[in-house]
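See below for the structure under consideration.
Since every read-out is calculated from the coordinates, none of them should be taken as a lab result. Note that the structure is predicted; figures quoted are calculated from it, not measured. Because the Cβ atoms are built from the backbone with ideal geometry, glycine has one as well, and the counts that use them run over all protein chains shown.
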Amino acid sequence: MSCVDNLIFHDAIVPFLEITEDLDESQIYYDSIYIETLEVVRNPNFDLLPRFKNGLIEEVIGFEREEQLNEEVFIECEFGRFESHELTTNRLLDMDLPAPVKVAYTILKKLYIQKGGGRRQNAFSRGLDHSERRYVPEVLNCLSRNGYAILSSLGTNNVWLAVKDKKKEVPELIGTKNSSHPLIQELESLA
């Protein structure tokens, strides 16, 4: 019986890659690839991160500058821009708010701000800890009731979509501590 030690991706184009803190991805290698957006959630253990060599990464979310990256993880890579602001998943989850509100902000960010269209429900759990993940179904139902998300069936897959009428409102709502907003009040009641 043989065992594969490493998984290597070579000469690939990756639109979005999210690295979570709870997986050991140290045996995954990305060689000569282009990543449009790389999001590293929470404070990563660099020993568990995949390895990137000779890559071009357009946007890195979760770090403010190249000097914060580990040279043993990012080997001879080039970077576009770095983003560490209030809309990163890390910052949203670190806010002093009830868990359902923080989960809602991360879901809204994935639906309205990140590239790509709809998302399967399991995509909303990525980057959340166990206690936060349990709120995902309730929060999605709340967002749907309030007109912020639509569940669509595409073939055999259920996909959550953003609502076009809310595209201007949502970025201003995400990350605020405005507890007088009706949506926030309903989300707080889930805690």
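As a rough footprinting exposure proxy, the listed residues L38, L154, L183 were ranked by other beta carbons within 10 Å of their own, and the order from fewest upward is L154, L183, L38.
When 1/r is averaged over all different Cα pairs and the result inverted, which Kirkwood radius in Å belongs to the chain?
On the way: mean 1/r = 0.0561 Å⁻¹.
The answer is 17.8 Å.
First measure r as the distance between the Cβ atoms of K168 and M95, then evaluate 1/(1 + (r/R0)^6) with R0 = 22 Å and state the FRET efficiency to the nearest 0.05. It comes out at approximately 0.50.
When each of V73, V159, V60 is scored by the number of other beta-carbon atoms lying within 10 Å, the sequence from fewest to most is V159, V73, V60. Among T156, T106, T176, T20, the ranking by other beta carbons within 10 Å of each residue's beta carbon, starting with the fewest, stands as T156, T176, T20, T106. Of all beta bridges that DSSP places with both ends in the chain, some 20 percent have antiparallel geometry. Counting only alpha carbon atoms, the long axis of helix 99-108 and the longest principal axis of the chain meet at about 70°. Estimated purely from DSSP H runs of n ≥ 4, each contributing -39500 (n - 2.57), the mean residue ellipticity at 222 nm for the chain is -5500 deg cm²/dmol once divided by its residues.
Rounded to the nearest 0.05, the FRET efficiency derived from the C-beta distance between Q121 and E76 at R0 = 41 Å is 0.60. For I184, neighbours were defined as the other residues whose beta-carbon sits under 12 Å from its Cβ, and their charges (Lys and Arg +1, Asp and Glu -1) total 0.
Over its Cα atoms, what ratio of radius of gyration to 2.2 N^0.38 Å does the stretch 79-191 give? Please list the in-between numbers first.
Values: Rg = 13.5 Å, N = 113, 2.2 N^0.38 = 13.3 Å.
Ratio of Cα Rg to 2.2 N^0.38 Å: 1.02.
Each label point was placed 7 Å from the Cα along the Cα-to-Cβ direction; for S26 and T156 their separation is 3.7 nm.
Could you tell me whether the stretch 121-181 comes out rounded, prolate or oblate from its Cα gyration tensor? Rule is a ≥ b ≥ c as square roots of the eigenvalues, rounded for a/c under 1.5, then prolate if a/b exceeds b/c, otherwise oblate. It is oblate, given that a/c is not under 1.5 and a/b is not larger than b/c. Shown for the chain: lysine pairs separated by 8 or more places, or found on different chains, whose C-alpha atoms are under 26 Å apart, numbering 27. Between D11 and E36, the simple label model (points 7 Å from Cα in the Cβ direction) yields a spacing of 2.2 nm. Evaluating 6.51 cos²θ - 1.76 cosθ + 1.60 at θ = phi - 60° for every residue in the stretch 129-138, the Karplus couplings come out as 7, 4, 5, 7, 4, 5, 7, 3, x, 5 Hz, glycine and proline recorded as x. Distances between placed amide hydrogens fall under 5 Å for Y30 paired with F9, R51, F52, K53, all partners being 5 or more residues away or on another chain. Magnitude of the charge dipole for the stretch 7-83, about its Cα centre and with charges confined to Cβ atoms of Lys, Arg (+1) and Asp, Glu (-1), is about 80 debye. Between the amide H of I35 and those of V14, L56, I57, E58, distances stay under 5 Å, these residues lying 5 or more places away or on another chain, with hydrogens modeled in the peptide plane. Of the residues E132, E172, E83, the one that moves most in a GNM of the chain with alpha-carbon contacts below 10 Å is E172.
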